[in-house]
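Single-structure report; data block below.
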Amino acid sequence: MDNEWYEEKNIELLGNLRNRLHRLEETDYMIAYYKGYSASGMTFEEIKEEIESLTDTIRELENRIEDEY
């Protein structure tokens, strides 16, 4: 496979990760903050951990895309 295909897949993955992070920050975080759990059943602490993990993953993928392409 060529680099363009990998670049396209990485950009698609980055978009999906950013969307997931946005949903967690904008919806699940606030619901869990007030109720103690989100609509998906995650606790407030689990959501905070997932946000942190996704943020790190996004940063790593952005750096990889920037370095490779």
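Given R₀ = 22 Å, FRET efficiency for ILE11-GLU52 by Cβ-Cβ distance, to 0.05? Please report the intermediate quantities before stating the final value.
On the way: r = 23 Å, r/R0 = 1.04.
Between ILE11 and GLU52 the formula returns 0.45.
So, taking all protein chains as they sit and a 1.4 Å probe, how much accessible area belongs to ASP67, in Å² rounded to tens?
My reading of the accessible area for ASP67 is about 130 Å².
Whole number please: convex hull volume per residue of the Cα set in the chain, in Å³?
On the way: hull volume 5.2 nm³, N = 69.
Per residue, the Cα convex hull of the chain comes to 75 Å³.
Might you report the magnitude of the Cβ-based charge dipole of the chain about its Cα centre, with Lys and Arg at +1 and Asp and Glu at -1, to the nearest 20 debye?
Here the chain has a charge dipole of around 500 debye.
Report, to the nearest 10°, how far helix 44-68 tilts away from the longest principal axis of the Cα atoms in the chain, using its own Cα long axis and a range of 0 to 90°.
For 44-68 against the chain, the angle is about 10 degrees.
Suppose each label sits 7 Å from its Cα in the direction of the beta carbon; what would the GLU66-ARG20 distance come out to in nanometres?
2.2 nm
For the chain, what does the accessible surface come to per residue with a 1.4 Å probe? Please give it in Å². Each step should come with its number before you reach the end.
Values: 5230 Å² over 69 residues.
I get 76 Å² per residue for the chain.
Given Cα pairs under 8 Å that are at least 6 residues apart, what percent is the relative contact order of the chain? Mind dumping the intermediate values first?
Values: 38 pairs, mean separation 24.5, N = 69.
Relative contact order comes out at 36 percent.
Can you pull the percent of the chain's accessible area that's carbon plus sulfur, 1.4 Å probe, other chains left in place? Spell out each step's value before the answer.
Details: 2380 of 5230 Å².
The C+S portion of the solvent-accessible surface of the chain is 46 percent.
So for the chain, taking the charge dipole from beta-carbon charges (+1 Lys/Arg, -1 Asp/Glu), which of SER38, LEU54, GLY15 sits furthest toward the positive end?
Towards the positive end, the residue furthest out is SER38.
The values are calculated or read from the model by the stated rules, or taken from the named source; none is laboratory data. None of these values were measured; they are calculated from a predicted model. Here Cβ is always computed from backbone atoms with ideal geometry, including for glycine, and neighbour counts include all displayed protein chains. Calculation scope for accessible area: heavy atoms of the full protein, side chains included, ligands and nucleic acids excluded. Shrake-Rupley method; radii C 1.70, N 1.55, O 1.52, S 1.80 Å.
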